[in-house]
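Peer 1: Mind looking over this structure? Questions follow.
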Amino acid sequence: GIVGAALGEQGEMAQKRFGLVTALAVAHRARGQGHGRTLLLLLFDAFRRKRLRFAEAAVHGPTAAAARLFESVGMTATRETERWEKVLGV
């Protein structure tokens, strides 16, 4: 069956065209076998064919596994953000 999927789109900001990794998922049963890395590399190849010079991705929540994956394909963290919230009750 399917072990994973990666989606991306073209973005542009301040005249910088880039590929944006919008989704990356690997089935729990298939994690740790290099599928996420392969999917990212294939997505980067698609970005290159569109003549995009940069690739970006964002993660939310616990990011240790995502950080290792992105670093394994040569990406570097450029910014960290925090989100604050308050449960208001109903």
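The values are calculated or read from the model by the stated rules, or taken from the named source; none is laboratory data. Small disclaimer: the values here were computed from a predicted structure and weren't measured. Cβ: placed from backbone, ideal geometry, glycine included. Neighbour counts: every protein chain shown. Heads up: the accessible areas ignore ligands, DNA and RNA and are worked out on the full protein's heavy atoms, side chains in. Shrake-Rupley method; radii C 1.70, N 1.55, O 1.52, S 1.80 Å.
Peer 1: If you scan the range 27-66, which residues turn out to be open to solvent by 40 Å² or more (accessible area, probe 1.4 Å) and in a loop (DSSP other than H, G, I, E, B)?
Peer 2: ARG31, GLY32, GLN33, LYS50, ARG51, ARG53, ALA58, VAL59, HIS60, GLY61, PRO62, THR63
Peer 1: Additional query: Please indicate, with yes or no, whether at least one residue in the range 4-12 is modelled with pLDDT of 95 or more, within 15 Å of MET75 (Cβ to Cβ) and within 16 Å of the chain's Cα centre (by Cα).
Peer 2: yes
Peer 1: Shifting gears a bit: Need the failing condition index for ALA5 against (1) part of a strand (DSSP E or B); (2) small (Gly, Ala, Ser); (3) open to solvent by 70 Å² or more (accessible area, probe 1.4 Å), just the number.
Peer 2: Unmet for ALA5, out of (1) part of a strand (DSSP E or B); (2) small (Gly, Ala, Ser); (3) open to solvent by 70 Å² or more (accessible area, probe 1.4 Å): (3).
Peer 1: Right, next: Go through the range 67-90 and give me each residue that's in contact with a Leu (Cβ under 9 Å, 6 or more places away or on another chain) and assigned to a loop (DSSP other than H, G, I, E, B).
Peer 2: Restricting attention to the range 67-90, the residues satisfying the condition of being in contact with a Leu (Cβ under 9 Å, 6 or more places away or on another chain) are 69-70, 72-73, 75.
Within the range 67-90, VAL73, MET75 qualify.
Peer 1: Determine which member of the set GLU56, GLU80 is under 26 Å from ARG31 (Cα atoms) and touching a Phe, Trp or Tyr at 6+ places or on another chain (Cβ under 9 Å).
Peer 2: The unique qualifying residue is GLU56.
Peer 1: While we're here: Scan the range 8-21 for residues that are open to solvent by 50 Å² or more (accessible area, probe 1.4 Å), over 14 Å from LEU42 (Cα atoms) and in contact with a Gly (Cβ under 8 Å, 6 or more places away or on another chain) and jot them down.
Peer 2: Hits for the range 8-21 are GLN10, ARG17.
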